[in-house]
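Below: one structure, written as structure tokens.
Since every read-out is calculated from the coordinates, none of them should be taken as a lab result. Quantities reported herein were computed from a predicted structural model and do not represent experimental measurements. All Cβ positions, glycine included, derive from the backbone under ideal geometry; neighbour counts span all protein chains shown.
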């Protein structure tokens, strides 16, 4: 693979941390953000891996995101934490409050984390997989800057508003799905632009609200469309309310970012954790009955299994990066 470079996960993590720190992020805050990006590369989720590094760096350099922010607890109850990220990143908040949130869940059986004034520019499944491995059912969602039309609309008003759901398993890694509310994710659109590919009709519209096959037209004044039409729009609005409405964060249509295509969104985040052992002691066994029924009905795999297969390979061999991507990473890390 002459046009690609093989790199270990540890080496990749070091370079990503350096790139974030050179852009203005503290060493402590860079660690969890880099971890999420490297996790995506490790599990072959390229649309949320190094492809997103430019967005983080741009936001930091512009001062749109604060890489040295210290999250502050705004309010709490026995089962609820509300945190202001200080225009920092969700991953930092999750790392700082993970132990407290876990303790709340084990004590009451359920806990909610609401985050406002925060940035998120990666996949959601790395956020919640650690909670599921501890035995919790987890649901997370995040709103983002307006990129998607809603019910019968032709112009952007909502974010692609991703959501993820994780369920623990007794002798296997968690079952996790992670999806945006749009037909294609923002990451897939960015990839299509980068490759010069067209996209199918029905994915998005241009600035005039007309269907387009040009991914750049969607990014430059157009809008993505919700998957499943009005059903996807309904889910996106739900996410907008859970993530931004409840937390006090900015709605997607209130976006005031400088406007660069890959700049991160500042909005809200919602995380729900449930300890199934509090109500259903045989929960794990019941889940295996469900998964067996799905397999018998023809489902070849559960959500997350493809990522786990890629992870096994990457843990042994590292990952392959396109030469241009690797060169850019070295430059951002100050090692070119």
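Data overview
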item	result
Per-residue [θ]222 nm for the chain (sum of -39500 (n - 2.57) over DSSP H runs n ≥ 4, rounded to 500)	-12000 deg cm²/dmol
Extension gain (nm, one decimal) between residue 80 and residue 285, 0.36 nm per residue minus Cα-Cα	70.9 nm
Computed label-point distance, nm, for sites residue 134 and residue 22 using a 7 Å Cα→Cβ extension	3.5 nm
Extended-chain gain in nm, criterion 0.36 nm per residue less alpha-carbon gap, residue 6 and residue 278	93.4 nm
4 °C / 1.567 mPa s Stokes-Einstein diffusion coefficient of region 208-332, Kirkwood radius on C-alpha pairs, µm²/s	65 µm²/s
Region 101-162: C-alpha gyration tensor shape, a/c 1.5 cut-off, then a/b vs b/c	prolate
Volume per residue that the Cα convex hull of the chain spans, once the total is divided by residue count, Å³	139 Å³
Residue exposure sequence - 269, 291 - by fewest surrounding Cβ within 10 Å	291, 269
Rg over Rh [alpha-carbon atoms, Kirkwood Rh] for region 1-134	1.01
Contour excess over end-to-end distance, with Cα ends at residue 246 and residue 210 and 0.36 nm allotted per residue	9.6 nm
Computed FRET value (nearest 0.05) for residue 108 with residue 72, which takes r as the C-beta separation and R₀ as 25 Å	0.65
Fewest-first ranking of 316, 278, using other Cβ atoms within 10 Å as the exposure measure	316, 278
In nm, spacing of pseudo-spin labels at residue 198 and residue 327 (7 Å Cα→C-beta vector)	3.0 nm
Backbone N within region 106-145 under 19 Å of label point (7 Å from residue 305 Cα along the Cβ vector)	133
For 165, 56, 253, order by how many other beta-carbon atoms lie within 10 Å, fewest first	253, 165, 56
